[in-house]
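Following: one structure in structure tokens, then a few remarks.
The values are calculated or read from the model by the stated rules, or taken from the named source; none is laboratory data. Please read all numbers here as calculations on a predicted model, not as lab measurements. Note: ideal-geometry Cβ built from the backbone for every residue, glycine included; neighbour counts use all protein chains shown.
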Amino acid sequence: MAKPKRVGIYVRISKDRKGQELGIQRQEKACRELCERLGWGVLKIYAENDTSASTTSKRQRKVYTEMLRDARAGVIDGIVVYSIDRLTRRIAELTYFLEEQKEHGFAFATTEGEDTATANGRMILTIKGAVAQQETERMSERINLSLLQRREKGKPHAGGSRLFGFKEGSHFQELEPGEVELIRLGYEMLMDQKTPGDVSRKWNEHGARTPEAGTAWDIQKIKRVYRSERIGGIVTYKRQDIGDSIYPHPLTRQEWENVQTVLDSRARPAGKGAGKRKHVYSGFLTCGHCGSTMRIQWATIQGRTFRRAFCHSAQIGANGEHGCGKVNRRYDWIEERLNEVVEAALLARRPKPQTPPTDDVTEEIKVLEERIRGLRNRWKEGGMEDEDYFDSLSHLRSDLQALRAREAAATVKEARTETDALAVWRDEEMQNLERRRAIVASVIAECEVFSVGRGRKKPPELDSIRVWPVGAERD
């Protein structure tokens, strides 16, 4: 096999709390030294700092995925890593990587000397991958055992964002007196047959705001506070009740269980299809007065059933406060106007004329190869000093390598045909709703809706809505 000239070096470290990237720098240096010894040319560095590759990690490795995509496309013809556990700690992922290497024919090497060109080399590599996975799983078992021992001692998990009622930075070990008073007040209201909506209004009247975003309280946020086991001092491990916390907490276990009974009695099962989008412009309409996202629903008034878009007073607006409730409009008229906007935008997208590939570098490669041959002939005939010859040759070969990388990528790139967006848009079947919404998102960023008053018989004016196209700057 010819020596690869467009190698990608993949470096990764699981934890880098200081963000200094010293670990991946050491790996890159060792990998570059290996490439120099092997005579391989380095094209690109794929670095993933502070990223785990273990079986317990749910985080996507975007740089690793990009590297494999480049290897499939021919942008790089080799991959070098410091060790196999830097590449992956999952045996299934390693097996898939070796299959990709076999199919696309790119070279692979590590600083520890594994050779995937032979059956024995692949077997040793697989064994090392299994050992790396076992190390990760054993570490996970030790950590889980340590966490379980802490929970059994009454010490709850100390991570996560701040919960209402606990002090910032106290790791849920110290209470915020003012917030605890509101939690106790809300508990008494719920026990007095008041609703979570009543509690949210009371908390807002006292000027309380949510810990995460500093916005006003609504029903769902109130429920999340009282549904949290931390409020009742209940310690859980993998969703199992372990015991009581040794730290102070706003409610007792019995009080927390009383709240759950009240909330469960008020809960209603979700209807069939609940949670699914039913309208094309759901989420795109905002109130022109307060900026909160408008809701769309079917309404029956005086025997007439129609769809309406309205500003809900429980919705949080752009200013972090509740919706103003001032706008209530028929949805059908808004939908017709926005349909016209989207269709006009799609009709304006004329298909681009077919042009020759812009990345055709064949002639440039021929010119460079001819220059290299001429340079070599001059040197052989004694027309150039050795130092000048090797310096010029190094620059020309570097340019030639970059051009060949572009040529390889263009050669293997698959032709992609765009879907006829206009045909998709005009298909108004319910199963096509999400595709139509994706088209809307490419045209309309937001539509502000203003009130037109009551009792109007004539159609609303066009300026009663304001459409912001995607990419438009706002005044």
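Okay, here's what the table says:
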read-out: Counted residues, the stretch 190-227 - those being surrounded by fewer than 16 Cβ atoms within 10 Å (Cβ to Cβ) and over 15 Å from Ala314 (Cα atoms); value: 11
read-out: Scan of the stretch 86-103 for residues that are out of contact with any Leu (no Cβ under 9 Å at 6 or more places or on another chain), touching a residue at least 12 places away in the same chain (Cβ under 8 Å) and surrounded by fewer than 22 Cβ atoms within 10 Å (Cβ to Cβ), ordered by number; value: Arg90, Ile91, Thr95, Gln101
read-out: Check on Glu181, touching a Lys or Arg at 6+ places or on another chain (Cβ under 6 Å), outside the structural domain of Gly41 (by TED's automatic domain parsing), surrounded by fewer than 16 Cβ atoms within 10 Å (Cβ to Cβ) and among the acidic types (Asp, Glu); value: no
read-out: Number of the condition not met by Arg26 [criteria: (1) of a type outside the set (Gly, Ala, Ser); (2) in a strand (DSSP E or B); (3) closer than 25 Å to Val131 by Cβ]; value: (2)
read-out: Residue list for the stretch 182-219, filter: under 36 Å from the mean Cα position of the chain (by Cα) and on the phi > 0 side of the Ramachandran plot; value: Gly207, Gly214
read-out: Filtered residues of the stretch 124-161 (kept if out of contact with any strand residue (DSSP E or B) (no Cβ under 8 Å at 6 or more places or on another chain), among the basic types (Lys, Arg) and more than 22 Å from Thr88 (Cα to Cα)); value: Arg150, Lys153
read-out: Condition met for Ser245 (farther than 25 Å from Gly320 by Cα, surrounded by 15 or more Cβ atoms within 10 Å (Cβ to Cβ) and out of contact with any Leu (no Cβ under 9 Å at 6 or more places or on another chain)); value: yes
read-out: Among (1) closer than 30 Å to Leu147 by Cα; (2) under 32 Å from the mean Cα position of the chain (by Cα); (3) of a type in the set (Gly, Ala, Ser), the one test that Gly288 misses; value: (1)
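This table checks each residue for (1) within 30 Å of Ile242 (Cα to Cα); (2) surrounded by 11 or more Cβ atoms within 10 Å (Cβ to Cβ).
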{"residue": "Thr110", "(1), (2)": "no, yes"}
{"residue": "Thr136", "(1), (2)": "yes, yes"}
{"residue": "Met139", "(1), (2)": "yes, yes"}
{"residue": "Asn144", "(1), (2)": "yes, yes"}
{"residue": "Gly159", "(1), (2)": "yes, no"}
